[in-house]
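Bear in mind these aren't lab numbers, they're just calculated from the coordinates by the rules spelled out. Since this is a predicted model, take the numbers as computed values, not measurements. Cβ atoms come from the backbone with ideal geometry, glycine included; neighbour counts cover every protein chain shown.
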Amino acid sequence: MNVMDTRATSAMLYLDGVHVSFDGFHAINNLSLTLEPGEMRAIIGPNGAGKTTMMDIITGKTKPDEGTVLFDGVTDLTRLDETRIAELGIGRKFQKPTVFESQTVQDNLLLALNVDHSVRGTLFWRGSKAESERIDKVLETIRLTEARNRLAGSLSHGQKQWLEIGMLLAQDPKLLLVDEPVAGMTDVETHLTAELLKEINKTHTVMVVEHDMTFVRELGVKVTCLHEGTVLAEGTIDQVSSNERVIEVYLGR
Amino acid sequence: MTPHMLTRSLDRSAAIFLAVVAGCGILIPLSNLLLPAGSFLQVPTYLVALWGKYVCYAILALSIDLIWGYCGILSLGHGAFFALGGYAMGMYLMRQIGTRGVYGNPILPDFMVFLNWEKLPWYWYGFDMFWFAALMVLVVPGLLAFCFGWLAFRSRVTGVYLSIITQAMTYALLLAFFRNDFGFGGNNGLTDFKDILGFNVQAEGTRAALFALSCLALIIGFLICRAIVSSKLGKVLIAVRDAESRTRFLGYRVESYKLFVFTVSACMAGVAGALYVPQVGIINPSEFAPGNSIEAVIWVAVGGRGTLVGAALGAVVVNYAKTFFTSGVLAPYWLFMLGALFILVTLLLPKGIVGTFNAWWDQSKEKRTSATSVSAAAEDGVTEPKMAE
């Protein structure tokens, strides 16, 4: 399926009947999911439920064996590579914070800005006022203004998580995929992160994968529970957490 | 703060480096030419040629540091680009011999007459003109690096696999250039040069000028590398080195960046080879030997990768040691010493000479600044003793 005249769906992200297996292990099994523009969705599920693999498929790191993955109703993501997908406007925060440790906080954000990413563009790059203003704004949002000249590798774990969220903001994508943003954070940091994501959601579509139930509850958004690579339940956190099958595979036992 | 210090210290070492190279490039040829032979300060001609060789190695080391130190591409075949640049220059020098060869053929180099070749192969056309040869010094290594890199980086060959195929590349070229019918003099290579641009290559004046030119090339190469690594592109290169897939997810076409630096680096290595050949007077297939490329990587590791200055320093230091040790009773053990040096540097001095020095300098500077801030606070009349931050 290539670019079509009309949008196949109004959804920002549309997954239908997606299958992936690694050496016979079915990581993703007939997964179907839609995300509307402007929505924030929390994805929960036990270890090995396929949450990260799903993000790998959306960002082009893994190619599905079959199924449809549409972005913005028109673009078939299964045909594109990571760079192209990032250019289209899908940003990703990894489970383990991945920042450029040997560069400063400020440079990390500079690298993330969605400006000309060509070889020539970066070789002859001259900083502009608009760019540095955007960086200042992001630094303020993620509370790292004081640390702007520090090496990213010297930040605390929670600060690295924020820096990576900040890099997403600088990238300014249409869709943000956020993998376990509060892993290893204190309660205060977790609360602040929830506030931050809610703020981001005002202007962006967001998909959050998280284990922390208090955090998911605080986000107060629609929840999808994955299990063995397929959707087990969908609804509010209360609906999902009272679902018997969810309790069976995930919360209880 | 630390990164500012880092850039400042880089600028400091860069300034010292440029001053030293420029000073050597001017003073050594002058001392060689103007002072009477045998005087205390006169640099003998054999040393000018030897140091000229080191300067060419320093350019090669710089080109390796650009890709390895900043972009994480460990090429174990960079000697191939060096040798190709050398061959391009060697072909020009061969064509300059003219009728002064053993067989006196005005067009064909001696080895072709010896092989009973009737006419010049097409790929030797144009090498009688210096500008063409000079162009080929850049184009041939650059083109090979571009094609090789295009295939390798697009297929996402990285790490040790890339190192192995670069090694295979230089070995394949070694075997090809050994063949007589390949048309580059086979085993003997190209030698017995007479003139370069009308000047006798053996003459003291020419040697001094070649030395000065090599220093100039080192300075230009250094400035180009500095411009690249201190641009935003340099930040992208470091990002690729440290977290390649993260860089991809930010929307950078990593393979284009790698291809760019790899090609620039190969062109630089080619220039180094082209300056090397007239100074040593010979180019033969042994320059393609995989061991040479590995040795060049060791220079960079010893000097400190990702510092540029360190790469050049490492090349000079290790080659000086090589000259020193291989001329004495220790000669048979040089390769063992080189291997031991590499292991020791990896274990004890992972940042290399310059990297370690920079880290030490920054640390002691930080201590000094905090010490002054404490004493300043005391002078301001702060009664409570405060911990320095």
**Asked** Given the residues A:Thr205, A:Thr230, which is the only one that is surrounded by fewer than 20 Cβ atoms within 10 Å (Cβ to Cβ) and hydroxyl-bearing (Ser, Thr, Tyr)?
**Response** A:Thr230
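Across the range A:143-160, which residue is farthest from the other protein chains (Cβ to nearest Cβ) among those that are touching an Asp or Glu at 6+ places or on another chain (Cβ under 8 Å) and in contact (Cβ under 8 Å) with a residue 12 or more places away in the chain? Show your work before the answer.
As a first pass, look at the range A:143-160 and keep what is touching an Asp or Glu at 6+ places or on another chain (Cβ under 8 Å): A:145, A:151-153, A:158.
Imposing the further condition that a residue be in contact (Cβ under 8 Å) with a residue 12 or more places away in the chain reduces the set to A:151-153, A:158.
Numbers: A:Leu151: 6, A:Ala152: 10, A:Gly153: 9, A:Gly158: 19 Å.
Restricting to residues being touching an Asp or Glu at 6+ places or on another chain (Cβ under 8 Å) and in contact (Cβ under 8 Å) with a residue 12 or more places away in the chain, the top hit is A:Gly158.
Identify, please: which residue in the range A:10-39 is in a loop (DSSP other than H, G, I, E, B) and within 21 Å of the chain's Cα centre (by Cα) and is, among those, farthest from A:Met55 (Cα to Cα)?
Here is the first cut: in the range A:10-39, the residues in a loop (DSSP other than H, G, I, E, B) are A:10-12, A:23-24, A:36-39.
With within 21 Å of the chain's Cα centre (by Cα) added as a condition, the list becomes A:10-12, A:36-39.
Numbers: A:Ser10: 20, A:Ala11: 17, A:Met12: 15, A:Glu36: 17, A:Pro37: 17, A:Gly38: 18, A:Glu39: 17 Å.
Ranking the qualifying residues of the range A:10-39, first place goes to A:Ser10.
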**Item:** The listed residue being surrounded by fewer than 20 Cβ atoms within 10 Å (Cβ to Cβ) and either at negative phi or out of contact with any His (no Cβ under 8 Å at 6 or more places or on another chain) (or both), out of B:Leu218, B:Leu223
**Value:** B:Leu223
**Message:** Show me the strands (runs of 3 or more DSSP E) entirely contained within the range A:147-253 in which 3 or more residues are under 14 Å from the mean Cα position of the chain (by Cα) and within 16 Å of A:Arg41 (Cβ to Cβ).
**Reply:** A:175-179, A:205-209
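Just to verify a result, which residue in the range B:252-283, among those that are touching a Ser or Thr at 6+ places or on another chain (Cβ under 6 Å) and over 15 Å from B:Leu135 (Cα atoms), is surrounded by the fewest Cβ atoms within 10 Å (Cβ to Cβ)?
Of the residues in the range B:252-283, the ones touching a Ser or Thr at 6+ places or on another chain (Cβ under 6 Å) are B:253-254, B:265, B:268-269, B:275, B:282.
From what is left, the residues that are over 15 Å from B:Leu135 (Cα atoms) are B:253-254, B:265, B:282.
Values: B:Arg253: 21, B:Val254: 22, B:Ser265: 31, B:Ile282: 18.
Only one residue tops the list, namely B:Ile282.
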**Message:** Return the residues of the range B:183-202 that are loosely packed, with under 14 Cβ neighbours inside 10 Å and part of a helix (DSSP H, G or I); say none if nothing qualifies.
**Reply:** B:Asn187
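Considering only the range B:69-85, state which residues are hydrophobic (A, V, I, L, M, F, W, C) and either buried (at least 24 other Cβ atoms within 10 Å of the Cβ) or more than 20 Å from B:Lys351 (Cβ to Cβ) (or both).
B:Cys71, B:Ile73, B:Leu76, B:Ala80, B:Phe81, B:Phe82, B:Ala83, B:Leu84
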**Request:** For the range A:159-166, indicate whether the set of residues that are touching a Leu at 6+ places or on another chain (Cβ under 8 Å) and small (Gly, Ala, Ser) is non-empty.
**Result:** yes
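Taking the conditions exactly as written (crowded, with 19+ Cβ neighbours inside 10 Å and away from chain B (no Cβ under 11 Å)), does A:Val138 satisfy them or not? Even if it seems obvious, please write down each step before you answer.
Working: crowded, with 19+ Cβ neighbours inside 10 Å: yes; away from chain B (no Cβ under 11 Å): yes.
Considered against the rule, which asks whether it is crowded, with 19+ Cβ neighbours inside 10 Å and away from chain B (no Cβ under 11 Å), A:Val138 comes out as yes.
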**Request:** Determine whether B:Val254 is in contact (Cβ under 8 Å) with a residue 40 or more places away in the chain, in contact with a Phe, Trp or Tyr (Cβ under 8 Å, 6 or more places away or on another chain) and among the hydrophobic types (A, V, I, L, M, F, W, C).
**Result:** yes
**Prompt:** Just checking, how many residues over the range A:113-132 are within 9 Å of chain B (Cβ to nearest Cβ), among the polar types (S, T, N, Q) and exposed (fewer than 12 other Cβ atoms within 10 Å of the Cβ)?
**Reply:** 0
**Item:** Hey, B:Gly183 without any contact (Cβ under 8 Å) to a residue 24 or more places away in the chain, over 22 Å from the mean Cα position of the chain (by Cα) and more than 11 Å from chain A (Cβ to nearest Cβ) or not
**Value:** no
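Here's the yes/no breakdown for (1) among the small types (Gly, Ala, Ser); (2) part of a helix (DSSP H, G or I); (3) under 17 Å from the mean Cα position of the chain (by Cα):
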site: B:Ala14; (1), (2), (3): yes, yes, yes
site: B:Leu30; (1), (2), (3): no, yes, no
site: B:Gly38; (1), (2), (3): yes, no, no
site: B:Gln42; (1), (2), (3): no, no, no
site: B:Gly52; (1), (2), (3): yes, yes, yes
site: B:Cys56; (1), (2), (3): no, yes, yes
site: B:Ala61; (1), (2), (3): yes, yes, yes
site: B:Ile64; (1), (2), (3): no, yes, yes
site: B:Trp68; (1), (2), (3): no, yes, yes
**Message:** Looking at the range A:12-31, can you tell me whether even one residue there is over 23 Å from A:Glu164 (Cα atoms), among the aromatic types (Phe, Trp, Tyr) and surrounded by fewer than 16 Cβ atoms within 10 Å (Cβ to Cβ)?
**Reply:** yes
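Results for (1) away from chain A (no Cβ under 14 Å); (2) under 17 Å from B:Ile59 (Cβ atoms); (3) not basic (Lys, Arg), shown as yes or no for each residue.
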{"position": "B:Ala217", "(1), (2), (3)": "yes, yes, yes"}
{"position": "B:Ser231", "(1), (2), (3)": "no, no, yes"}
{"position": "B:Arg241", "(1), (2), (3)": "no, no, no"}
{"position": "B:Asn292", "(1), (2), (3)": "yes, yes, yes"}
{"position": "B:Val297", "(1), (2), (3)": "yes, yes, yes"}
{"position": "B:Val302", "(1), (2), (3)": "yes, yes, yes"}
**Item:** B:Gly98 vs. criteria assigned to a helix (DSSP H, G or I) and crowded, with 24+ Cβ neighbours inside 10 Å
**Value:** no
**Prompt:** If only one of A:Glu87, A:Glu101 is assigned to a loop (DSSP other than H, G, I, E, B) and at the interface with chain B (Cβ under 9 Å from one of its Cβ atoms), which one is it?
**Reply:** A:Glu101
**Asked** Since A:Arg143 meets every condition but one in (1) assigned to a helix (DSSP H, G or I); (2) surrounded by fewer than 19 Cβ atoms within 10 Å (Cβ to Cβ); (3) under 21 Å from the mean Cα position of the chain (by Cα), which condition does it not meet?
**Response** (1)
**Message:** So in the range A:46-58, with the set limited to residues that are part of a loop (DSSP other than H, G, I, E, B) and surrounded by fewer than 22 Cβ atoms within 10 Å (Cβ to Cβ), which one is farthest from the other protein chains (Cβ to nearest Cβ)?
**Reply:** A:Pro46
